[in-house]
Amino acid sequence: MNTPIPSSSALVIATRESRLALWQAEHVQALLQARGHAVSLLGMTTKGDQILDRSLSKVGGKGLFVKELEVALEEGRAHLAVHSLKDVPMELPEGFALACVMEREDPRDAFVSPRYASLRELPQGAVVGTSSLRRQVLLQALRPDLRIEPLRGNLDTRLRKLDEGQYDAIVLAAAGLKRLGLEARIRAVFEPSEMLPAAGQGALGIEVRSDRQDLIAALAPLAHQPTWLTVAAERAVSRAMGGSCSMPLAAHGTWQGATLRLDAAWGDPEGPARGHTALVRAQAQAPIATLAEAEALGEAVAAQLRAGGAVGA
């Protein structure tokens, strides 16, 4: 049974205007419309979309992609916002809630190159584009000889820069490429054992004002509980470490029956230069049935990372 929303107007989804963000918002729009809701989109440009000459870690973090959308929710111009969960800060501002986490797409990272079939085929000193500190430290662990250069912009902009010859290869989230029908651009996917994904990578989250219990109830049928439990554990690692995009941190959960295995890795981009281990890894598993249990598992893994030498924010 559909949960009615006591409002005479249509639901409005606040969304960034990149092609991927619009795909995500339209995906949620279609699911809600199929359940009888009238839904429109409010396209917005965020500071994260505007500042392209510096890495996110230097200009305020991933919250730059969601702040304007939250203002639209607060002012009542929109009712919900759809986010790539890996772009959502670990702590939401007071008055906002994550109402729904949807079923995950492929969480892995993708190797994209017009000339080389895999990371192993890159020549010594090749230029690889990424502005993710997580990807940077994991790439350095796999291939210390590579030159890692910043890469900002939306998905189409990043692919254009690659095709213009600015990079020999770039690393992107496989989920975004697949959602936009660009799977053919993927030359190889990194298995989590070689490049551990970011917390929440490949999952979509829907944010609302926390006082809108009617919306939270209406969005409940879109939720995918196994994904929600998994990303809750992953995000708990980041939260316990004080994680943001200024911290090279990976966390990835996988189900083995009713047991969730959680792997995490922390790295220091300057590690090799400082003469210490670049990566600290941790892993734990436990039967998980509630969000509280998932978060406790994440906190336990974060404690392992700190014990291994990882430095939190």
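The values are calculated or read from the model by the stated rules, or taken from the named source; none is laboratory data. Computed from a predicted model, the values in this text were never measured in an experiment. Backbone-built Cβ (ideal geometry, glycine too); neighbour counts: all protein chains shown. Note: areas computed on protein heavy atoms with side chains; ligands, DNA, RNA excluded. Shrake-Rupley method; radii C 1.70, N 1.55, O 1.52, S 1.80 Å.
On a 1.4 Å probe surface of the protein chains, which of PHE96, PHE111 comes out largest in accessible area, and what is the full order? Could the numbers behind the result be given before it?
Values: PHE96 30, PHE111 0 Å².
Result of the area sort, largest leading: PHE96, PHE111.
With all protein chains in place and a 1.4 Å probe, the accessible surface of segment 184-252 carries 53 percent carbon and sulfur. Working ranking of peptides 164-176, 194-206 by packing, defined as the average number of other Cβ atoms within 10 Å per residue, highest first, is 194-206, 164-176.
The Cα-based radius of gyration and maximum Cα-Cα distance (Dmax) for segment 109-189 are 11.5, 32 Å.
In this calculation the C-beta distance from ALA10 to ASP163 is compared with R0 = 30 Å, giving a FRET efficiency of 0.15.
Within the straight-line cut-off of under 12 Å between alpha carbons, the aspartates and glutamates reachable from LYS86 are GLU234, sequence neighbours fewer than 8 places apart in one chain being disregarded.
Round to the nearest 0.05 the FRET efficiency obtained for GLU74 and ALA217 when R0 = 22 Å and r is the Cβ-Cβ distance.
Details: r = 21 Å, r/R0 = 0.93.
Result of the calculation: an efficiency of 0.60.
For ALA188, the residues whose modelled amide H falls within less than 5 Å of its own, excluding neighbours fewer than 5 places apart on the same chain, are PHE111. Highest mean packing comes first when the peptides 209-215, 129-135, 114-120 are listed by Cβ atoms within 10 Å, giving 129-135, 209-215, 114-120.
Size of the chain from its Cα atoms: along the principal axes, largest to smallest, the extents are 62, 45, 34 Å.
Per residue, segment 109-189 exposes 42 Å² of solvent-accessible protein surface, assessed with a 1.4 angstrom probe and all protein chains in place.
Full extension of the chain segment joining GLN124 with ALA292 gains 55.9 nm, where the gain is 0.36 nm per residue of separation less the Cα-Cα distance. Considering only ASP156, ASP263, ASP87, give the residue with the highest GNM mean-square fluctuation for the chain, with springs between Cα atoms whenever their separation is below 10 Å. It is ASP156.
Quick one: net charge around LEU219, please, counting Lys, Arg +1 and Asp, Glu -1 for every other residue with C-beta under 13 Å from its C-beta. Can you show the working numbers first?
Working: positive: ARG35, ARG209, ARG212; negative: GLU207, ASP214.
Residues near LEU219 contribute +1 overall.
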